[in-house]
1. If a residue counts only when it is surrounded by fewer than 14 Cβ atoms within 10 Å (Cβ to Cβ), which strands (runs of 3 or more DSSP E) contained entirely in the range 9-71 have at least 1 such residues?
2. Out of the range 81-97, which residues are of a type outside the set (Asp, Glu), surrounded by 12 or more Cβ atoms within 10 Å (Cβ to Cβ) and in contact with a strand residue (DSSP E or B) (Cβ under 7 Å, 6 or more places away or on another chain)?
3. Among the residues of the range 183-195, is there at least one that is among the β-branched types (Val, Ile, Thr) and over 18 Å from the mean Cα position of the chain (by Cα)?
4. Anything in the range 130-147 that is within 16 Å of the ligand (Cβ to nearest atom) and free of Cβ contacts under 8 Å to residues at least 40 places away in the same chain? List them, or say none.
5. Mind telling me which of the residues GLY220, GLY198, GLY187, GLY127 ends up being away from the ligand (no atom under 16 Å from the Cβ) and part of a helix (DSSP H, G or I)?
6. Failed condition for TRP111, given (1) closer than 25 Å to VAL222 by Cα; (2) of a type in the set (Phe, Trp, Tyr); (3) within 14 Å of the ligand (Cβ to nearest atom), with all others met?
7. Could you count how many residues in the range 31-90 are under 16 Å from VAL129 (Cβ atoms), within 11 Å of the ligand (Cβ to nearest atom) and either hydroxyl-bearing (Ser, Thr, Tyr) or assigned by TED's automatic domain parsing to the domain that holds THR142 (or both)?
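The values are calculated or read from the model by the stated rules, or taken from the named source; none is laboratory data. Everything numeric here is computed off the predicted structure, so don't read it as measured data. Every residue, glycine as well, gets a Cβ built from its backbone with ideal geometry; the counts of neighbours run over all protein chains shown.
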Amino acid sequence: MARATVLGRLTWRVATVAAVRDETPTARTIVLDVPGWPGHLAGQHVDVRLTAPDGYSTQRSYSVASAPRGDRLELTVESLPDGEVSPYLTRVLSVGDPLELRGPIGGWFVWRPEAPEPVQLVAGGSGAVPLMAMIRARTAGTAAPFRLLYSVRDPEAVLYRDELRGASEDGSGLDVTYAYTRRAPEGWPRPPGRVDAGLLAETAWAPELAPACYVCGPTGFVETVADLLVAAGHDPARIRTERFGPGGGRP
Ligand SMILES: Cc1cc2nc3c(=O)[nH]c(=O)nc-3n(C[C@H](O)[C@H](O)[C@H](O)COP(=O)(O)OP(=O)(O)OC[C@H]3O[C@@H](n4cnc5c(N)ncnc54)[C@H](O)[C@@H]3O)c2cc1C
């Protein structure tokens, strides 16, 4: 990789908040203008750095939710009740504010629109964010059919609900299955519960189709789902995972 490219990714840039959008009662999308943004691939993330007036500084990683498009990026942040950074990003940061970030980061958990094989996405909670970038990166010419299995606490916690409904109804080859862990909508065909082997067998691409699998969410969720996929016969080399952090706040 060219040295200039690496240095570009490690350089902190000052973005400006162009808009904010509440996705759920606890999650917010932050739209950022990032002058000189080098571009990203669906699935990559950025590091965000906050610095207090006394010089104390801390940083966290956030996946890019938007498809690659010019100098504009979208992040979606789920606020953790005791969190140091996420409550600030979701409740305090406002339009016009500066935000320091660097990236794009990550070369493995990425999807390229020219890849022809079927894609199996499995999201736990806010793990839907980088998978949404992949869904958004599909273009008219994309051959790969997508399936998303989205494990989420309850119907109110679903990110991008309307957009996902639109994308799954427009004939572009996206199929979405929700797995509610705590409370399902009235009349839902399955009782609330975690993703298990039966649900995967029923809703995911069969291993024989050799799909590219992307699993993202809290660490415990990702490890469980990756193990289930391997046990079902999926090639471990085709399973790409991204862990967002501790098992707490599991979907
Ligand atoms: C590559 C990568 C991409 C990520 N992308 C996103 C994203 O797109 N959207 C998003 O909302 N978050 C994302 N995260 C998680 C994010 O980096 C922070 O960990 C999260 O926002 C919590 O930070 P905090 O400062 O609010 O909480 P902290 O002050 O760090 O932690 C507060 C409490 O929450 C627990 N905790 C920390 N992280 C998590 C977590 N992820 N899940 C459950 N409990 C946790 C801690 O153990 C602690 O008890 C990503 C993480 C990684 C590694």
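1. Because the criterion is at least 1 residues that are surrounded by fewer than 14 Cβ atoms within 10 Å (Cβ to Cβ), the strands (runs of 3 or more DSSP E) in the range 9-71 that meet it are 13-22, 45-51, 57-63.
2. Within the range 81-97, VAL85, SER86, TYR88, LEU89, THR90, LEU93 qualify.
3. no
4. Once the filter is applied, which keeps residues that are within 16 Å of the ligand (Cβ to nearest atom) and free of Cβ contacts under 8 Å to residues at least 40 places away in the same chain, the range 130-147 yields only ILE135.
5. GLY198
6. (3)
7. Residues meeting the conditions: 7.
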